[in-house]
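Written out below as structure tokens is the structure these notes cover.
Just so it is clear, none of the values below were taken in a lab; they were calculated from the coordinates. Being a predicted model, the structure only gives us computed values, none of them experimental. Note that we place each Cβ from the backbone using ideal geometry, even for glycine, and neighbour counts take in every protein chain shown.
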Ligand SMILES: Nc1ncnc2c1ncn2[C@@H]1O[C@H](COP(=O)(O)OP(=O)(O)O)[C@@H](O)[C@H]1O
Ligand SMILES: [Mg+2]
């Protein structure tokens with residue numbers, strides 16, 4: 001486990017994919033650095049798997065180029081590319097033991113027997129399955145099967161590890177555990193990794209950078225913090241975390257009109273005709289005792305979510321429902337109750353704005 005794979009750099013330039021006249025990917029440009037873990041995140045059908053399969057050579061792009069390290073892999077068949085892959089469904093050979101599953105790729109590249117033996121031992125230790133080595137896949141839990149699939153993918157020390165929703169079939173607890181294991185394994189080995197997921201929490205928890213996709217295009221690429229704090233579009237803002245949206249009309253400079261009030265924004269306004277969408281996270285709205293804030297509202301509902309209380313508030317003078325997260329201590333201090341009045345401020349440095 002001291003061996004460190006040399007992770008590859010992956011460069012995707014202007015990749016398009018058409019299925020008939022349906023455009024599944026539009027002008028994808030992305031560079032993934034050696035040793036990085038990047039998540040493709042987006043709703044079902046946005047093109048994540050298609051892009052991963054193009055990287056693997058399992059699907060052919062309609063246009064564009066791919067380079068892995070210095071090598072142009074655009075036209076190479078999968079077997080001439082340097083990657084390991086894990087799918088959602090474990091796809092292990094059911095009639096082979098754990099050992100034989102892991103050794104499969106090593107045999108097919110003609111590695112000498114003794115070397116295979118020690119490499120398999122190393123991988124079994126790496127994924128913590130030493131005591132399951134002689135079992136068949138059907139005798140293992142889902143989480144154990146995914147560990148075998150991971151070991152099999154990593155066996156030939158590929159420069160690139162591709163994971164397509166590897167945790168989606170597992171129950172929540174195993175999923176969380178394996179999430180941490182994959183991440184630390186990936187760091188330890190230094191293997192460049194692309195993981196597809198539709199689970200934002202998984203992407204934010206695991207990735208160095210997240211690629212947010214929608215309808216075949218990349219909406220934003222950034223660190224989990226970037227994506228959460230500086231969403232580049234209304235889609236990203238609504239897809240990642242919770243967000244309140246407020247319609248407004250642009251005035252001069254950085255001012256907008258919401259209902260019959262005017263607000264000053266800190267962020268530059270998007271160039272847009274007509275409406276501007278303001279957005280604010282539930283944790284960024286400031287609740288104040290009745291009478292103290294700029295806006296007044298009525299509490300519609302309180303959801304007790306453990307660490308915080310998700311409060312649903314209807315603003316009185318514009319017909320707008322806001323979701324506000326409050327810690328239990330503040331909720332007590334403010335005496336929040338359904339039907340009660342509350343005041344709030346929308347801090348201008350927490351307001352995002354998007355062209356509607
Ligand atoms: N072989 C195919 N033939 C036709 N359409 C396809 C094919 N594979 C995927 N698609 C379509 O391309 C879009 C993207 O699919 P996919 O990459 O699997 O999405 P995701 O993995 O993000 O859920 C979907 O609309 C899907 O129906
Ligand atoms: Mg998919």
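A few notes on this one:
- Peptides 279-290, 213-224 ordered by average Cβ neighbours within 10 Å, highest first: 213-224, 279-290
- On Cα atoms only, tilt of 98-108 relative to the major axis of the chain in degrees: 70 degrees
- Extended-chain gain in nm, criterion 0.36 nm per residue less alpha-carbon gap, residue 67 and residue 169: 33.6 nm
- Label-point gap, in nm, between residue 273 and residue 215 - each point 7 angstrom along Cα→Cβ: 1.8 nm
- Burial order of peptide ranges 328-341, 50-63, 309-322 (average beta-carbon count within 10 Å, highest first): 50-63, 309-322, 328-341
- Cβ-derived FRET efficiency at R0 51 Å, residue 294 paired with residue 121, nearest 0.05: 0.15
- Length added when fully stretched, residue 233-residue 261, from 0.36 nm per residue minus Cα-Cα: 7.6 nm
- Distance between the pseudo-spin-label points of residue 23 and residue 356 (7 Å out from Cα toward the beta carbon): 2.7 nm.
- Note on the chain: Cα Rg divided by 2.2 N^0.38 Å, N the number of residues, gives 1.21.
- Each of the peptides 249-259, 234-244 was scored by the mean count of other Cβ atoms within 10 Å over its residues; in descending order, highest first, they stand as 234-244, 249-259.
- The angle separating the long axis of helix 113-126 from the principal Cα axis of greatest extent in the chain is about 20 degrees.
- Helix 172-189 vs. the chain, principal-axis angle (Cα, 0 to 90°, nearest 10): 60 degrees
- Cα-based Rg and Dmax for segment 223-318, where Dmax is the largest Cα-Cα distance (Å): 14.9, 43
- On the beta carbon distance between residue 107 and residue 332, with R0 = 45 Å, the FRET formula returns roughly 0.10.
- Projected onto its three principal axes, the C-alpha set of segment 16-98 covers 43, 32, 24 Å, listed from the longest axis down.
- Ellipsoid equivalent to segment 122-219 - semi-axes via the Cα gyration tensor, in Å: 25, 16, 12
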